[in-house]
Every structure is written in structure tokens, then in C-alpha cells.
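Here the structure is laid out as C-alpha cells; the discussion comes afterwards.
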Amino acid sequence: MRYEIEFFGHENIRSNHQKTIEITKESHLTPRGDCIVGVNASSSCVDLPDELKNKLKNSETKVCFTIRVGTDEFTLEGKGHPDLVLSHTQDIVLRKSDFTCPRTLSVKCDKASDMVPRKMISQLQNPKTKGFFIINVD
């Protein structure tokens, strides 16, 4: 199953957090949001289709994420978790840890925002840059 979310860049994107990656439907971003790679996202956790949510609530589920900006792509993998609530109305957070909250989409991810290529982050510091956050579940 594949689900694609459109998002945009913002001048305050830093993407240097070592444990998480986030996209948000919010349009405003302060420099403190150092895990955020995109704003004005077309979906948050609550907007995901029920079929996808059900798969994400299984600890056996492997999830592959792709962040695409122009011709550049960054991929990472994570796992589902039975405690995922997937109810947040603004955000999607991928975590290296197994911490869950309404914003958490995946746990035990193999990468965080500090590993996103700096070329991609430079592009995302332009608010006109469009990106795609692609979720693939086995």
C-alpha cells in the first residue's frame, strides 16, 4: 500500500534532529522545530486511510518512507506499533525510539532528520519548494 503526502518548504527548516523527522500541516515554523522537513502538508496522522492505519498498528509491519524533492530522494525504514493512535490533526512524526503519541506514525526508524542530505534541506528552505512524503507499507 502506498500513500503520498504533498508538503512545502519553509525558510526555518533546519532538519538537524538526531531522533525524529516531522512534517506538519502548520504553515508557521520557528527555528526550534529542528526535526521538521516540511510544512503545509496535505495530510496528518488523522487523515490517513483506515487501511493504512490498521497496518501501522501491527508491530510486524515494515514501513518504507521516501522524501522526494525534485529529482532528489531520501529513504528510511521504520516499524509499526500496536500502541499507535494516529489521531493528531496537524503532524506526522517518525521516531528512532519506540515512543508513541498521537503524532507518531512509525517507530524504530533507521534514520532521522539530521541525515537528510543538506542539498535537499537547502532546497526546502525555499517556501516555494514542493516535496512529497511517500509511505509504503508491505
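A few notes on this one:
- Counting only protein heavy atoms and a 1.4 Å probe, region 86-136 has 45 square angstrom of accessible area per residue.
- Each residue of region 44-97 gets 96 Å³ once the volume of the Cα convex hull is shared out per residue.
- The chain - charge dipole about Cα centre, Lys and Arg +1 at Cβ, Asp and Glu -1, debye rounded to 20: 260 debye
- Size descriptor, Kirkwood hydrodynamic radius, that averages inverse alpha-carbon separations across region 13-88, Å: 13.8 Å
- Taking trypsin sites (Lys or Arg not before Pro) in DSSP loop states with no more than 12 other Cβ atoms inside 10 Å as exposed sites, the chain has its longest site-free stretch at 33-127.
- Cα-Cα P(r), region 55-138, percent of pairs per 10 Å interval: 18, 47, 29, 6
- Taking GluC sites (Glu not before Pro) in DSSP loop conformation with at most 12 other Cβ atoms inside 10 Å as exposed sites, the chain has its longest uninterrupted site-free stretch at 61-138.
- Ligands, DNA and RNA left out, the 1.4 Å accessible surface of the chain is 46% carbon and sulfur atoms.
- Selection among Ser43, Val85, Thr71 by position relative to the dipole of region 36-131 gives Thr71 as farthest towards the positive end (Cβ unit charges, Cα centre).
- Pairs from the list Lys19/Lys119; Lys25/Lys96; Lys55/Lys79; Lys57/Lys111 with a Cα-Cα gap above 18 Å: Lys19/Lys119; Lys25/Lys96; Lys57/Lys111.
The values are calculated or read from the model by the stated rules, or taken from the named source; none is laboratory data. On a predicted model such as this, the values are computed, not experimentally measured, just so you know. Please note: Cβ atoms are built from the backbone with ideal geometry, for glycine as well, and neighbour counts cover all protein chains shown. Note: accessible area is taken over every heavy atom of the protein model, side chains too, but ligands, DNA and RNA are not part of it. Shrake-Rupley method; radii C 1.70, N 1.55, O 1.52, S 1.80 Å.
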